[in-house]
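The values are calculated or read from the model by the stated rules, or taken from the named source; none is laboratory data. Remember, it's a predicted structure, so these values are computed and weren't measured experimentally. No Cβ is skipped: glycine too gets one built from the backbone with ideal geometry, and neighbour counts run over all protein chains shown. Side chains included, ligands, DNA and RNA excluded: accessible areas come from the protein's heavy atoms. Shrake-Rupley method; radii C 1.70, N 1.55, O 1.52, S 1.80 Å.
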Amino acid sequence: MKKRVMMRVLTGAMLALTVLFASCAGGPQPAGKSAETQAKAVQASAAQKAEEKPLSLSLFHVNDTHAKLESALTELKVDITPELKAKRTFVEVGGFARLWAAVEALRDEKPNSFFLHAGDVFQGTLYFTEFKGKADGDFLNAMGLDAMAVGNHEFDKGPSVLADFIKDIKFPVLACNLDLSAEPSLKDNIKPYIIKDVAGAKVAIVGVANPETPDISSPGPTVKFLDPVSSLEKVVKELEEKGINKIIVLSHAGYELDKTIGAKVSGIDVVVGGHSHFIQGPFADLGLKSQGDYPTVIKSPAGDPVLMVTSWYWANMIGVLDVDFDKDGKITAFKGSSKLLAGLDKFRIYDLPDADGKLKRVEFVRGADGTYTAKEYDGKVYAVAPTEKAMQNYMVAFSAITAKFKDDSRFLFMDPKKEGLEKLAKYSPALKALQAKIATKATDALKRGNNTGPGPIIADSMIWKTGADIAIMNPGGVRVDLEGGDISVAKVYELQPFANTLVTLDVSGEEVKNILEDMADFCITSYAKAPETAYVYVSGLRLNLIVNNAKGSRVTDVMVKAKDGSWKALDPKGTYKLVVNNFMADGGDKNTTLAAIPKGRKYDTGFVDSEAMLDYVLGKTLSETKEERVKNVF
């Protein structure tokens with residue numbers, strides 16, 4: 001039995017004794033305070049009985065959507081057939097029009113439900129640059145969002161922009177660990193919790209903000225962040241005194257702190273989390289790294305189960321959790337999963353054999369009649385019509401993969417809601433106008449090469465955005481050269497089209513050298529025919545790269561730029577704050593050192609690389625750095 005149930009039993013007994021004493025005190029009771037107290041006691045008893053009801057509740061949740069209103073192709077690795085294993089397969093996922101359709105379908109199936117957002121609506125695409133969260137709020141209003149936790153990125157533009165966002169939304173923004181008494185624009189607009197009625201039972205949803213927000217965002221001096229654990233303890237006590245015995249925490253504190261909350265605060269039933277961009281559930285066979293079961297079960301101080309859930313980012317997934325409570329608020333059963341929110345209009349599969357056995361990248365697009373056509377990649381676009389025999393090969397593979405997905409409960413295939421696409425189109429003209437704006441200009445053409453082109457500037461922007469000591473950038477992530485003259489916003493995005501996010505982590509000097517060795521080895525072996533192009537982009541670093549040496553002995557004479565601008569030798573035992581993109585952080589381009597570093601050491605800032613670059617170059621005139629950051633030695 002939960003501690004709070006004991007408290008209610010004692011409270012109920014005391015109320016019963018009060019009523020009994022009043023009725024046996026002899027003679028009629030005088031009007032006034034005693035009669036009022038008696039009435040309140042009766043009301044409290046009735047309210048208490050109303051709370052003590054069993055409930056089957058479903059939670060649908062997303063987090064860290066980061067202004068990603070449009071869907072995008074996301075890479076999975078799929079065993080299509082015994083002969084076609086671990087094929088890079090790109091599936092269209094996410095998008096707010098698809099999310100809207102999914103929420104409606106889930107609500108129809110599970111009416112006793114809440115749709116929740118665990119924070120970080122702001123920051124990440126041009127939709128935020130242009131509309132400052134208003135477009136996101138418009139969609140979430142239409143979806144009937146029940147509640148949102150305030151995320152750290154909600155403070156990126158200061159309290160005033162968050163306050164403007166809240167003015168237009170129809171759902172509560174929650175955080176119980178904020179002192180807003182000195183910030184008039186927010187003090188009445190962010191609530192610690194809400195109480196919702198579901199099928200005659202009352203459920204509390206309590207918000208938690210990330211306590212590190214002052215260090216990673218811009219809340220300013222008027223917003224104070226308090227300890228989440230002690231703040232929750234106070235709120236849970238307050239809710240229990242109101243007879244609430246079903247409590248959901250909607251948290252943007254991050255995965256590790258959410259585990260601490262579940263283990264230290266009695267009375268919590270579910271923690272719906274965000275911030276860490278983690279996946280839960282069995283997705284390894286799709287090439288996605290998971291942090292554990294969905295839900296992950298933590299034991300409370302009283303020994304009760306606390307269900308922890310989170311759902312990746314960008315609405316690429318939606319979490320669906322079903323929980324049964326008894327009348328005392330105790331969890332009796334639960335089930336759920338995080339589902340890839342996928343579409344059926346477009347797929348890409350890399351390296352399918354054509355009629356001659358040559359490996360081709362192939363795109364499959366669904367037509368209005370529901371049938372699919374296939375086109376091969378010509379190096380720039382998917383435009384080459386396959387031969388009849390190649391088409392047969394491709395469609396056999398495609399049929400196998402779609403059959404596999406159809407029977408896979410980890411996918412929720414959903415066409416976008418028509419009204420959602422219409423709403424998205426409403427914002428399109430302003431977005432296109434922004435893309436056409438001139439962001440910066442270049443004195444001369446910036447051509448990709450060793451220490452040249454946009455790469456070093458991108459690395460500089462990564463440090464500027466995150467405050468890291470050093471940056472390492474993979475050359476494959478820099479997709480185009482820049483011509484001299486005016487450079488549009490769209491061109492800046494074309495430089496880094498993958499929407500990778502910036503990840504920071506504290507690393508030793510020895511790890512820095514090993515990461516550089518990994519990156520250099522990949523570049524050298526990938527460009528073996530032209531080793532002079534084996535470049536690595538860095539910022540805050542200088543090094544020699546002995547190209548023809550074996551891996552592990554190529555990187556020498558590494559120097560790190562100190563805060564005062566001086567250069568100091570890399571200390572193998574020293575600690576440095578490194579920034580890379582999430583592709584590299586996850587081990588992309590054979591970055592085995594980064595891949596081996598635990599997720600708990602990596603902080604995904606949520607800043608999209610192209611957005612950081614755009615912010616960095618706005619209004620500047622770009623030119624070659626003319627620094628020999630990486631000296632290739634032959």
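Some points to look at:
- Relative to the longest principal axis of the Cα atoms of the chain, helix 3-23 runs at roughly 20 degrees.
- Centre-to-centre, using Cα atoms only, the stretch 309-367 and the stretch 169-219 are separated by 30 Å.
- With a simple spin-label model that places each label point 7 Å from the Cα along the Cα-to-Cβ direction, the separation between residue 242 and residue 621 comes to 6.1 nm.
- Cα centroid separation, the stretch 443-490 to the stretch 111-159 (Å): 30 Å
- Within-11-Å neighbourhood charge of residue 314 [Cβ basis; K, R +1; D, E -1]: -2
- When shorter helices are ignored and each DSSP H run of at least 4 residues is given -39500 (n - 2.57), the per-residue value for the chain at 222 nm works out to -10000 deg cm²/dmol.
- In loop segments of the stretch 521-601 as defined by DSSP, the trypsin sites (Lys or Arg not before Pro) with at most 15 further C-beta atoms inside 10 Å of their C-beta are 529, 551, 563, 573.
- Sulfur and carbon atoms: percent of accessible area, the chain [1.4 Å]: 54 percent
- Loop trypsin sites (Lys or Arg not before Pro), the stretch 275-381, which have at most 13 other Cβ atoms in a 10 Å radius of their Cβ (DSSP): 289, 358, 380
- For the pair the stretch 537-555 / the stretch 599-634, the C-alpha centres are spaced 18 Å from each other.
- Percent of beta bridges antiparallel (DSSP, the chain, rounded to nearest 5): 70 percent
- Coil-residue GluC sites (Glu not before Pro) of the stretch 145-247, DSSP, other Cβ within 10 Å capped at 10: none
- Evaluated over the stretch 289-409, the count of Lys pairs having alpha-carbon atoms less than 14 Å apart is 8 (only pairs 8 or more residues apart or interchain).
- Accessible area per residue for the chain, computed on protein heavy atoms with a 1.4 Å probe, is 42 Å².
- Short-range pairs are left out: with C-alpha atoms under 8 Å and at least six residues apart, the relative contact order of the stretch 313-435 is 20 percent.
- Relative to the dominant Cα principal axis of the chain, helix 509-526 is inclined by about 50°.
- Dipole of the chain, positive end: most advanced residue of 111, 182, 614 [Cβ charges, Cα centre]: 111
- Ordering 302-313, 170-181 by mean Cβ neighbour count within 10 Å, with the highest value first, yields 302-313, 170-181.
- Seen against the Cα atoms of the chain and their longest principal axis, helix 418-436 is set at about 50 degrees.
- For the stretch 364-412, the relative contact order works out to 18 percent when only alpha carbon pairs closer than 8 Å and six or more residues apart are counted.
- Local net charge near residue 184, Cβ-Cβ under 15 Å (Lys/Arg +1, Asp/Glu -1): -1
- Paramagnetic reach from residue 447 in the stretch 472-502 [backbone N under 17 Å; point 7 Å along Cα→Cβ]: 479-485
- In terms of overall dimensions, the chain has a Cα radius of gyration and Dmax of 27.9, 107 angstrom.
- Extension gain from residue 402 to residue 494, taking 0.36 nm per residue of separation minus the Cα-Cα distance: 30.1 nm
- Candidate lysines - alpha carbon under 17 Å from residue 132, same-chain residues fewer than 8 apart omitted: 68, 157, 167, 170, 423, 426, 432
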